[in-house]
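The values are calculated or read from the model by the stated rules, or taken from the named source; none is laboratory data. Because the structure is predicted, anything quoted here is derived from the model rather than measured. Neighbour counts are summed over all protein chains in view; Cβ atoms, including those assigned to glycine, are modelled from backbone coordinates with ideal geometry. We work out accessible area using only protein heavy atoms, side chains counted, and drop any ligands, DNA or RNA first. Shrake-Rupley method; radii C 1.70, N 1.55, O 1.52, S 1.80 Å.
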Amino acid sequence: MSLGSGGTTDPWTLAVIIGLACVTVLTRCFFFILDRPWGLPDWAHRALHYAPVAALAAVIIPEIVTTQGHLISTWQDARLYGAAAGAAYYFWRRGVLGTMVAGMAVYMPLHLGLGW
C-alpha cells in the first residue's frame, strides 16, 4: 500500500488500524447490538453525576499549578491568585459568569501589569 511520497505502510500498522476501527465500531454500537434493555446500577448513576466536575478539574488544575510540565516554584504566578479569586467568588455567590469575571479581574492586572 503506497502513501503519498513513496512511503509504504507495513502490515502491522495496517492491522493495528483495522483492529482499532473494529474495537471502536463494536464499543459504539454495543447498546444497539443487545436484544434487551440494559441499565446502569445505581452506584454508577450516582458516580456519573461527578464526572463533569472531575473532568473539569483534570483539565483546569494542571494548567494552574504547572508550567512546561513542572510544578510552579514561586508564589508570583497570576494564575494562582486568579483561581483563588474565582473560587472565592463562586463559593460566595454561586455564579459562573461572576466567577470568570472575578478570576480574570485578578489575573489580568497581575499578568499584564506585573508580568507574573
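Just want to confirm a number: the relative contact order over the chain, from Cα pairs under 8 angstrom separated by 6+ residues, in percent.
Working: 56 pairs, mean separation 17.6, N = 116.
Relative contact order of the chain: 15 percent.
Quick check for you: with a 1.4 Å probe and neighbouring chains kept, what is the accessible area per residue of the chain, in Å²?
84 Å²
Put a dot 7 Å past the Cα of Trp43, heading toward its Cβ, do the same for Phe30, and the two dots end up 1.8 nm apart.
For the options Thr67, Thr27, Thr99, a Gaussian network treatment of the chain with springs between C-alpha atoms closer than 10 Å singles out Thr27 as fluctuating the most.
Only the Cβ atoms of Lys and Arg (+1) and of Asp and Glu (-1) were treated as charged; on that basis the dipole of the chain about its Cα centre amounts to roughly 380 debye. Under Stokes-Einstein, with the Kirkwood radius over Cα pairs standing in for Rh, what whole-number D in µm²/s applies to region 17-116 at 25 °C and 0.890 mPa s? For the chosen part, D equals 141 µm²/s. Can you give me the % of accessible surface on the chain that is carbon or sulfur? Probe 1.4 Å, all protein chains present, nothing else counted. Of the solvent-accessible surface of the chain, carbon and sulfur hold 71 percent.
Please sort 36-43, 91-98, 69-76 by packing, taking for each peptide the average over its residues of neighbouring beta carbons within 10 angstrom, highest first.
91-98, 69-76, 36-43
Choose one of Val25, Tyr107, Trp92: the residue whose Cα lies farthest towards the positive end of the charge dipole of the chain (beta-carbon charges +1 Lys, Arg; -1 Asp, Glu; about the Cα centre). Farthest towards the positive pole: Trp92.
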